[in-house]
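The values are calculated or read from the model by the stated rules, or taken from the named source; none is laboratory data. What you are looking at is a predicted structure, and each value in this text was computed from that prediction instead of being measured. In this analysis, Cβ positions are derived from the backbone assuming ideal geometry, glycine residues included, and neighbour counts consider all displayed protein chains.
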Amino acid sequence: MMMPERLQWFAQARYGLFMHWGLYSVLGRGEWVFNRERWEMTDYAKLADQFNAEHYDPKTWAMLARGAGMRYAVLTSKHHEGFCLWDSKTCTFNATNSAAKRDLFGEYVQAFRDAGLKVGVYYSLGDWYNPDWARGFQGDEAAYQRFMDYTRALLTELLTDYGKIDILWYDLPQCYTALQWQAVDLNHMLRNLQPDIIINNRAYTSEDFGTPEQHVTAAPVGRLWESCMTLNGHWGYSPYDTEYKSPKDIAVNLATVASGGGNLLLNVGPDPQGRIPDQAQQILSQVGDWLKRNGESIYDASDRHSLSFNLWGPVSVQGNHLYLHLQNYWGNELIVGGLIPNVLEAKVLSTGQPLTVTRRNHQTILTDLPAQSPDDIMTVIKLTLDAKPEHDISRVIGAADIFPQLIN
Ligand code: GLC
């Protein structure tokens with residue numbers, strides 16, 4: 001079946017920027033701090049007086065995302081805490097009434113759209129600020145109806161007042177079912193406002209795409225999916241968490257995502273003044289430079305395949321082209337076991353350096369590789385074959401026992 005046109009950009013986007021930004025950023029201990037530290041909302045809401053966004057310039061965020069090789073972004077318009085980053089008419093607990101005194105969401109939409117990036121809105125269904133949701137409805141039909149009206153009103157504002165919105169990224173449906181969220185009707189209404197919008201599966205209906213979190217797991221062929229992942233260990237700003245993924249970790253994730261035809265939505269947590277931490281910026285830029293050298297193997301190679309049986313790392317495929325991502329670099333020689341087609345051309349993707357190819361029984365042997373990895377993040381080898389890549393695993397001793405998934 002042909003993919004509907006509105007989904008096509010997303011199927012090829014591959015890489016996006018996720019941003020968790022809200023009052024929790026003031027405390028700097030992640031976005032669950034209200035809940036985990038058992039704050040009273042009356043105390044917590046006062047953080048709005050410190051949330052000044054004085055260095056917030058979403059044009060610089062958009063430039064960072066572009067330089068990083070990203071093609072879209074998703075910003076938390078309202079996280080579980082219930083604070084709205086936009087100038088809501090329905091909820092006074094919002095950015096215009098905070099120290100920032102600005103419609104922070106509107107500025108984000110404008111800046112990212114101007115930079116040619118697709119624009120997504122994260123929206124938490126659950127809401128610790130809203131007294132009806134916070135109490136739990138417990139059979140109180142009026143409270144439930146009130147909260148559903150509130151939800152519809154907020155989402156309507158977001159999808160009416162800011163021009164085209166490309167993605168609606170729901171979260172925290174927990175506690176209620178799709179039926180209780182009236183998710184089918186809700187999304188029907190929202191799609192009338194934004195006919196091309198792409199909606200995730202977190203209002204408990206399957207909608208347009210799946211959302212594996214903190215891991216890369218491909219959905220079945222034909223289903224769109226996006227792995228969301230933190231760059232350090234937290235979604236919201238956490239200055240004490242300096243355990244960032246390396247540029248290589250990100251490149252490996254991108255290659256794995258490409259090999260399953262999915263997307264990576266990589267998260268940063270800006271500080272309450274609106275700055276993305278330096279360390280995060282550096283990593284993103286380094287990955288962006290790697291993509292400038294090697295992007296062909298990520299953006300343009302998303303054919304589904306099963307060539308995962310190797311010692312070097314993820315493989316991506318486009319037609320008769322095969323891209324080997326050398327997460328493990330083995331020096332001058334690389335042996336591809338069981339490759340059925342012949343190699344017409346082999347080269348280092350980023351430098352164009354040709355490699356020598358010989359065959360020995362079931363081995364395709366590449367030689368003349370530099371002794372040290374020529375790319376300091378991760379080297380990619382491009383093979384051009386005389387047919388679509390196929391792998392013969394029949395000679396893998398014990399394959400049927402050890403790797404049953406290979407023959408299913
Ligand atoms: C986790 C976190 C939540 C975050 C989400 C992003 O579920 O608990 O706070 O927004 O991941 O996918």
With the first residue restricted to region 30-41 and required to be closer than 20 Å to residue 239 by Cβ and charged (D, E, K, R), and the second required to be more than 10 Å from the ligand (Cβ to nearest atom) and part of a helix (DSSP H, G or I), Cβ contacts under 9 Å at 6 or more apart or on different chains are 31/25; 37/27
Testing residue 248 on (1) over 16 Å from the mean Cα position of the chain (by Cα); (2) away from the ligand (no atom under 14 Å from the Cβ); (3) within 21 Å of residue 76 (Cβ to Cβ); (4) buried (at least 16 other Cβ atoms within 10 Å of the Cβ), one condition comes back false. Which one is that? (3)
Please enumerate the residues belonging to region 304-320 that are surrounded by 17 or more Cβ atoms within 10 Å (Cβ to Cβ), modelled with pLDDT of 95 or more and in a loop (DSSP other than H, G, I, E, B). 312, 313, 314
Taking region 218-245 and keeping residues under 30 Å from residue 2 (Cα atoms) and more than 14 Å from the ligand (Cβ to nearest atom) leaves 218, 219, 220, 221, 222, 223, 224
When you check residue 255 against the structure, is it of a type in the set (A, V, I, L, M, F, W, C) and either without any contact (Cβ under 8 Å) to a residue 12 or more places away in the chain or part of a loop (DSSP other than H, G, I, E, B) (or both), yes or no? no
Going residue by residue through region 155-169, is there one that turns out to be of a type outside the set (D, E, K, R), in contact with a Lys or Arg (Cβ under 8 Å, 6 or more places away or on another chain), assigned to a helix (DSSP H, G or I) and in contact (Cβ under 8 Å) with a residue 24 or more places away in the chain? no
Within region 118-158, restricting to residues that are hydrophobic (A, V, I, L, M, F, W, C) and farther than 21 Å from residue 75 by Cα, the one that is surrounded by the most Cβ atoms within 10 Å (Cβ to Cβ) is 133
Check on residue 39, in a helix (DSSP H, G or I) and at pLDDT 95 or above: no
Quick one: in region 69-80, of everything that is surrounded by fewer than 24 Cβ atoms within 10 Å (Cβ to Cβ) and away from the ligand (no atom under 16 Å from the Cβ), which residue is nearest to the chain's Cα centre (by Cα)? 71
So in region 162-182, with the set limited to residues that are closer than 17 Å to residue 121 by Cα and among the aliphatic types (A, V, I, L, M), which one is nearest to the ligand (Cβ to nearest atom)? 172
Scan region 117-134 and tell me whether some residue there is within 21 Å of residue 203 (Cβ to Cβ), within 16 Å of the ligand (Cβ to nearest atom), part of a helix (DSSP H, G or I) and more than 18 Å from the chain's Cα centre (by Cα). yes
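Identify the residue in region 1-54 that is of a type in the set (S, T, N, Q) and surrounded by fewer than 17 Cβ atoms within 10 Å (Cβ to Cβ) and, among all such residues, is farthest from the ligand (Cβ to nearest atom).
This residue is 8.
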Out of 83, 112, report the one residue that is of a type outside the set (Asp, Glu) and under 17 Å from the mean Cα position of the chain (by Cα). 112
Can you tell me which residues in region 81-102 are part of a strand (DSSP E or B) and within 16 Å of the ligand (Cβ to nearest atom)? 84
Residues 137, 105, 51, 112: which one is within 16 Å of residue 275 (Cβ to Cβ), assigned by TED's automatic domain parsing to the domain that holds residue 277 and either assigned to a helix (DSSP H, G or I) or not acidic (Asp, Glu) (or both)? 51
In the list 162, 176, which residue meets the criterion of being of a type in the set (Ser, Thr, Tyr), at pLDDT 95 or above and either within 27 Å of residue 53 (Cβ to Cβ) or buried (at least 16 other Cβ atoms within 10 Å of the Cβ) (or both)? 162
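Being within 19 Å of residue 283 (Cβ to Cβ) and free of Cβ contacts under 8 Å to residues at least 60 places away in the same chain is true for just one of 68, 48, 62. Which residue is that?
When all the criteria are applied, what remains is 62.
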Reported set for region 261-294 where residues are under 14 Å from the mean Cα position of the chain (by Cα) and either under 18 Å from residue 315 (Cα atoms) or part of a strand (DSSP E or B) (or both) is 261, 262, 263, 264, 265, 266, 267, 268
Given the conditions (1) over 17 Å from residue 72 (Cα atoms); (2) of a type outside the set (Lys, Arg); (3) within 16 Å of the ligand (Cβ to nearest atom); (4) in contact with a helix residue (DSSP H, G or I) (Cβ under 6 Å, 6 or more places away or on another chain), and given that residue 268 satisfies all but one, which numbered condition is not satisfied? (1)
Going by the structure shown, is residue 186 within 13 Å of the ligand (Cβ to nearest atom) and within 30 Å of residue 133 (Cβ to Cβ)? no
List every residue pair whose Cβ atoms sit under 7 Å apart, with the two residues 6 or more apart in sequence or on different chains, where the first one lies in region 217-231 and is assigned by TED's automatic domain parsing to the domain that holds residue 10 and in contact (Cβ under 8 Å) with a residue 24 or more places away in the chain and the second, anywhere, is among the basic types (Lys, Arg) and assigned to a loop (DSSP other than H, G, I, E, B). 221/304; 231/245
